[in-house]
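In what follows, a single structure is set out as structure tokens and then discussed.
The values are calculated or read from the model by the stated rules, or taken from the named source; none is laboratory data. Just so you know, these numbers come straight off a predicted model, no measurement behind them. Ideal geometry is used to build each Cβ from the backbone, glycine not excepted, and the neighbour counts take in all protein chains shown. What goes into the accessible areas is simple: the full protein's heavy atoms, side chains included, and nothing from ligands, DNA or RNA. Shrake-Rupley method; radii C 1.70, N 1.55, O 1.52, S 1.80 Å.
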Amino acid sequence: MTVDSQTTPLSPKDYASDQHVRWCPGCGDYSILAQMKKALAELQIPKEKCVFISGIGCSSRFPYYLDTYGIHGIHGRAAAIATGLKMARPDLSVWVITGDGDGLSIGGNHFIHTIRRNVDLNIVLFNNRIYGLTKGQVSPTSEFGKKTKSTPWGSVDNPVRPISAALGAEATFVARTIDTHVKHLANILVQAAQHKGVSFVEVYQNCNIFNDGAYLYATDRQQKFDNVLELEHGKPMIFGKNGEKGIRFKDFHLEVVTIGENGVTENDLLVHDETRKDPSLAFLLGNLSYPEFPEPIGVFRSVSKPSYEELVANQIQQAREKIGKNELKDLLYTGDTWVVE
Amino acid sequence: MTTTSTKSVNKKRQVSEIEQATVRFAGDSGDGMQLVGDQFTHSSVLFGNDVATLPDYPAEIRAPAGSLGGVSGFQINFAGKEIHTPGDKVNALFAMNPAALKVNIADLDAGGLLVVNKDAFTAENLKKANYDSNPLEDGSLKNYKVIQIPLSTLNQEAVEGLGLDKKSAERCKNFFVLGLAYWIYDRPIEQTLNWLKKKFAKMPEIAEANERSMRAGYHFGETTELIANTYQVHKANPAAGTYRKVTGNEATSLGLITASKISNKPLFYGSYPITPASEILQDLSAKKNFGVTTFQAEDEIAAICAAIGASYGGALAATGTSGPGMALKTEGIGLAVMTELPLVVVNVQRGGPSTGLPTKTEQADLFQALLGRNGECPVPVLAACTPSDCFYMAIEASRIAMKFMTPVILLTDGYLANGAEPLRIPDIDDLPKIDVDYFTDSSAAPFKPYTRNERLARPWALPGTPELMHRVGGLEKEHITGNVSYDPANHDYMIRLRQEKVNGIVEDIPLAQVNGDEEGDLLVVGWGGTYGSIMTAVEKLRQKGKSISSLHIKYLNPFPKNLGAILKRYKKVAAAELNLGQLQFVLRSKFLVDVKSVNKVQGKPFRADELCDAFLEILETI
Ligand code: SF4
């Protein structure tokens, strides 16, 4: 049976492939897959126009489960593969699915360079702070001191902060969401897809086998209000069960204040502006971390800049117009030639 | 140098007509010797000579001035007949300083012409070159025709009045040498004059200074009494047609664009700068008007991965590098084998292992190309044999990649990459055809991406095509469906299938050709850039009546169908190569023939005379 994408609107399940999903039961990846299908359906991107490219790891099995085009690549290289594809085919909606190990450890180099080039890709990084597929070694986002199979005495590596790393490379769209916040997650994916230029989305993802509860502070009903700050463009940064707490900018750093205490009013709080050109404030927000601070979710930054593949295509177009002479014969006869009778 | 006739123009000077001459320019890496060599080559090909060149430069951009390690040289062999190598011994050496003299003098023919810049033979420079005494004075050069010229002084005089500072003026002295060389070999200077005008259009005073230096060198030749003989090398008599000069790297990029045009697939080239392959990236980047997309990636891995992505999207995708970069691309090549996507991987070989000798030539990456991957990972391997052959082999690599849906490794080397020779521009109709269509038939849904045609190639279905959505990747694929499969029998089947597909390419490549007799005492087998030296050596020995033939392998995996049978028709077989016997190893294991090895690994091409000696030695054992 074929679905005529021209007339019948696509539903989330139309994006599902016939492959059996093989993640562990209860894994956060299921939720991301479900919300991705919802987001694609909301955007009504024709299935044949979507390409999902991944590296290696649990998250990287993602492309097999969608009835779109896809490449399950090699470890860490999804962003590079996607860059080539997008340059060759700017007409496609290209997604990079990666994890903390894949994207930030072995693929760290491509992560930085893909972002600084501003290739129009949607990079979704499933951050579970552990190596899942290889059964539980420390990852580049694991906390300092974390005990894992490869760090029985506790990790002595300082973790990398994905949001800060992306902002350091001046990503034009940076967001964070959580696997269990399904509506928020779908909404962020939609916004990422709509952004022209590189979009980076970090998803807090629970690996219930090797790192269960890593984000309990952000997902547990009792705790989450104190530990999560939902960023909304144009709104003051307020959090806490009763909206009693907020974030204030003071002396070049951010601090938590309580509204009504010490004369603090809502007017003293930072108002989120995701379109701010300078990424410094977004960087400060990206550095806020549990337990001292609530961790922001939502869109940290969304600014517009020409995208890489567009600039590349424009140069080719300009060369064609300016130089002309683009036939094979012109090529072979470039430079000095001489004739032998 | 063969003199065919000599006549006296005046009492003091003779003009000799010669068939062929080999000249080398040598100086500091900052002396502009490569430029001089390039200009001399260009004028010679435009004049109508056959030429072969050998640039030789240090890995350091500016090694300490005057030091032995900083010597840069450019050798050109030009002739009125067909030639295959840059020449063994040089007939004339232009040495800009003591270090250049020291490094190069051993290659100058006895009685050869030696032009030196006398001004540079200072005590300090002599010391830097480890000379205990001044060779210009101690009689050690008595076997050569030495011409000492106060080059720096004469050059300063030539550019006087142009307002150049001393340093800029000194920089022109390579053009003085070029002018003198033009005069000695009776070359027209117009080509270089035009080049100067174009190159320095925005700096007319520099163009003027260089022109003056060149003319001063030319006139110096005319007026000096130091030079007793000048030479004329006639036009060669090549096949009729239009010609241009190419280096191997230029030819490779021309070949890639040509393949893109004749296959009607956009070219994507992903690369990371590396000696001696960077020129391909630069050259293609300058040819955007032909619709070429180039990508200077963050590393070698990204370069090949981007190319794989572009290939999935329907581009004729290529990546180029040299040995160390090749090592980094290994996993990517494996991915292209598994996903069965077309990809051309160019390895411009250089001295290894590790960083090795970046600017020197070698052929030691054959094992790497044939075998250097994890798993059973068959990849077709081709090798170009001359600079202009890089053009044709780049087209071949592209053709095979797309026709068989496979990565293809094209081996060239530093010698081919930088060496120049004339290329007869082919008729477009004579170029190979590449008829590969994307798969677009959506009627047989669901699409099965691992079905195969008669060549065992799978369909190339592009994202964007309705109903053909499919996923590829590095995990083992199920036959037909392309789904991930861990089934033991399927894995065994797919391993054999991928191998069989590559083996089947044998039906699509030309048979190997013997140069010489179809049977006899000795067959010399070569591959890659050694073609010219082997040809020259074998021809020489054949003229002396020896029973020796040669065969040059351009398709290294799979080998041409007739290769095994040919090897068995000779009493002895030898593989001549710039490694420790890698082709020898492969031929032995594949054909059970007791192949001998003739090899050297000095970062330099074979000289024809050393090959002659080695072949004679083997012939004597028969
Ligand atoms: S190991 Fe962890 S991340 Fe991987 S599938 Fe299982 S639960 Fe998910």
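Going residue by residue through segment B:402-423, is there one that turns out to be within 13 Å of another protein chain (Cβ to nearest Cβ), under 22 Å from B:Ile280 (Cβ atoms) and in contact with a helix residue (DSSP H, G or I) (Cβ under 6 Å, 6 or more places away or on another chain)? Within segment B:402-423, one or more residues are within 13 Å of another protein chain (Cβ to nearest Cβ), under 22 Å from B:Ile280 (Cβ atoms) and in contact with a helix residue (DSSP H, G or I) (Cβ under 6 Å, 6 or more places away or on another chain). For B:Thr530, the conditions (1) within 22 Å of B:Glu421 (Cα to Cα); (2) open to solvent by 20 Å² or more (accessible area, probe 1.4 Å); (3) of a type in the set (Val, Ile, Thr) all hold with the exception of (2). Taking (1) more than 16 Å from the ligand (Cβ to nearest atom); (2) open to solvent by less than 10 Å² (accessible area, probe 1.4 Å); (3) touching a residue at least 40 places away in the same chain (Cβ under 8 Å); (4) of a type outside the set (Asp, Glu) in turn, A:Ile97 satisfies each apart from (1). From the list A:His20, A:His75, the one residue that fits, being modelled with pLDDT under 95 and either within 16 Å of the ligand (Cβ to nearest atom) or not aromatic (Phe, Trp, Tyr) (or both), is A:His20. Can you name the residue in segment B:22-47 that is open to solvent by less than 50 Å² (accessible area, probe 1.4 Å), more than 21 Å from the chain's Cα centre (by Cα) and of a type outside the set (Asp, Glu) and, of all such residues, is modelled with the lowest pLDDT? Out of the qualifying residues, it is B:Gly30.
Identification of helices (runs of 4 or more DSSP H) wholly contained in segment B:526-622 with 2 or more residues that are under 19 Å from B:Val348 (Cα atoms) yields B:531-543, B:582-591. Taken across segment A:119-129, residues that are farther than 19 Å from A:Ile32 by Cβ and either more than 14 Å from every other protein chain (Cβ to nearest Cβ) or touching a Ser or Thr at 6+ places or on another chain (Cβ under 8 Å) (or both) do occur, with at least one present. Taking segment A:315-341 as the range and being more than 7 Å from chain B (Cβ to nearest Cβ), open to solvent by less than 80 Å² (accessible area, probe 1.4 Å) and either assigned to a helix (DSSP H, G or I) or hydrophobic (A, V, I, L, M, F, W, C) (or both) as the test, only A:Asp330 passes. Among the residues of segment A:263-276, at least one is in contact with a strand residue (DSSP E or B) (Cβ under 7 Å, 6 or more places away or on another chain), open to solvent by 60 Å² or more (accessible area, probe 1.4 Å), more than 14 Å from chain B (Cβ to nearest Cβ) and among the acidic types (Asp, Glu).
All of A:Lys135, A:Lys149 fail the test of being in contact with a Gly (Cβ under 7 Å, 6 or more places away or on another chain), within 16 Å of the ligand (Cβ to nearest atom) and open to solvent by 20 Å² or more (accessible area, probe 1.4 Å), apart from A:Lys149.
Okay, residues lined up against (1) assigned to a loop (DSSP other than H, G, I, E, B); (2) farther than 22 Å from A:Lys135 by Cβ; (3) not β-branched (Val, Ile, Thr):
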| residue | (1), (2), (3) |
| --- | --- |
| A:Lys13 | no, yes, yes |
| A:Asp18 | yes, yes, yes |
| A:Leu40 | no, yes, yes |
| A:Glu48 | no, yes, yes |
| A:Arg61 | no, no, yes |
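The set of residues in segment A:159-185 being of a type in the set (Lys, Arg) and crowded, with 23+ Cβ neighbours inside 10 Å consists of A:Arg176 alone.
Inclusion of A:Asp212 among residues that are within 16 Å of the ligand (Cβ to nearest atom) and among the charged types (D, E, K, R) is warranted.
When A:Phe52 is tested against (1) of a type in the set (Phe, Trp, Tyr); (2) within 16 Å of the ligand (Cβ to nearest atom); (3) under 21 Å from A:Tyr204 (Cα atoms), only condition (2) is not met. In this structure, does B:Thr319 turn out to be surrounded by 24 or more Cβ atoms within 10 Å (Cβ to Cβ), over 21 Å from B:Ala575 (Cα atoms) and within 14 Å of chain A (Cβ to nearest Cβ)? When the stated conditions are applied, B:Thr319 passes them. When restricted to residues that are surrounded by 24 or more Cβ atoms within 10 Å (Cβ to Cβ) and away from chain B (no Cβ under 12 Å), segment A:40-54 contains 1. In this structure, A:Ser59 does not satisfy being more than 28 Å from B:Cys305 (Cα to Cα), open to solvent by less than 40 Å² (accessible area, probe 1.4 Å) and in contact (Cβ under 8 Å) with a residue 40 or more places away in the chain. Of the numbered criteria (1) of a type in the set (Ser, Thr, Tyr); (2) in contact (Cβ under 8 Å) with a residue 12 or more places away in the chain; (3) open to solvent by 30 Å² or more (accessible area, probe 1.4 Å); (4) within 16 Å of the ligand (Cβ to nearest atom), the one A:Tyr30 fails is (2).
Quick check on my filter: what residues within segment A:55-104 are more than 8 Å from chain B (Cβ to nearest Cβ) and of a type in the set (Phe, Trp, Tyr)? Residues satisfying the conditions are A:Phe62, A:Tyr65, A:Trp95. Taking the conditions (1) open to solvent by less than 20 Å² (accessible area, probe 1.4 Å); (2) within 14 Å of chain A (Cβ to nearest Cβ) in turn, B:Arg458 satisfies each one other than (2). Within segment B:514-527, track down each residue that is open to solvent by 30 Å² or more (accessible area, probe 1.4 Å) and touching a residue at least 40 places away in the same chain (Cβ under 8 Å). Passing the criteria: B:Glu518, B:Glu519, B:Asp521.
Exactly one condition in (1) within 15 Å of the ligand (Cβ to nearest atom); (2) surrounded by fewer than 24 Cβ atoms within 10 Å (Cβ to Cβ) is not met by A:Asp102; state its number. So the condition that A:Asp102 fails would be (2).
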